[in-house]
Amino acid sequence: QVRLVESGGGLVQPGGSLRLSCSASGANFRLHTVDWYRQVPGNERELVATINSDHETNYADSVKGRFTVSRDNVRRNLYLQMNNLRPEDTAVYYCHLRRAGVDFWGKGTLVTVSS
């Protein structure tokens, strides 16, 4: 069973930074594309950033230039460095991995950007 556990969320002022982490177990982590999604209550879950097994990355237009996704295959961790945060970045952030057509999600970590 794949298990994903996010951490690092919290309250930050506009313009501030946070680094999210996701610890993975139960999968051959280095072989899989892994993603960060976010969701505001009442809205659909939104893809934020993706990193594949070759460390190639893609970002939502709304976070390009501000967020950086990375991975450590030895520690089986996924990271999201978020800089110049804006109030509209406030959401629950989820780690995601798909294996054999099955989607696995963490429970999420809340990021609140507010003064």
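The values are calculated or read from the model by the stated rules, or taken from the named source; none is laboratory data. Quick caveat, the model's predicted, so the values are computed rather than measured. Positions of Cβ are backbone-derived with ideal geometry, glycine not excepted, and every protein chain shown enters the neighbour counts. Side chains are part of the model used for accessible areas, which takes the heavy atoms of the whole protein and leaves out ligands, DNA and RNA. Shrake-Rupley method; radii C 1.70, N 1.55, O 1.52, S 1.80 Å.
From the square roots a ≥ b ≥ c of the eigenvalues of the alpha-carbon gyration tensor of region 26-107, which class results: rounded (a/c under 1.5), prolate (a/b over b/c), or oblate?
Oblate.
Which GluC sites (Glu not before Pro) in region 1-103 sit in a loop by DSSP (not H, G, I, E or B) and have at most 16 other Cβ atoms within 10 Å of their own Cβ?
E44, E56
Separation between the W105 and N58 pseudo-spin-labels, each 7 Å from Cα along Cα→Cβ, expressed in nm?
That separation, rounded to one decimal, is 2.0 nm.
Keeping the other protein chains in place, figure out the carbon and sulfur percent of the accessible area of the chain, with a 1.4 Å probe.
45 percent
Per residue, how large is the accessible surface of the chain? Use a 1.4 angstrom probe and give square angstrom.
So the chain comes to 54 Å² accessible per residue, rounded to a whole number.
How many nm is it between the label spots at V40 and L11, if each spot is 7 Å from the Cα in line with the beta carbon?
That separation, rounded to one decimal, is 2.0 nm.
Please give, to one decimal in nm, the separation of the simple spin-label points placed at T90 and T33, each 7 Å out from Cα toward the Cβ.
So the two model labels end up 3.2 nm from each other.
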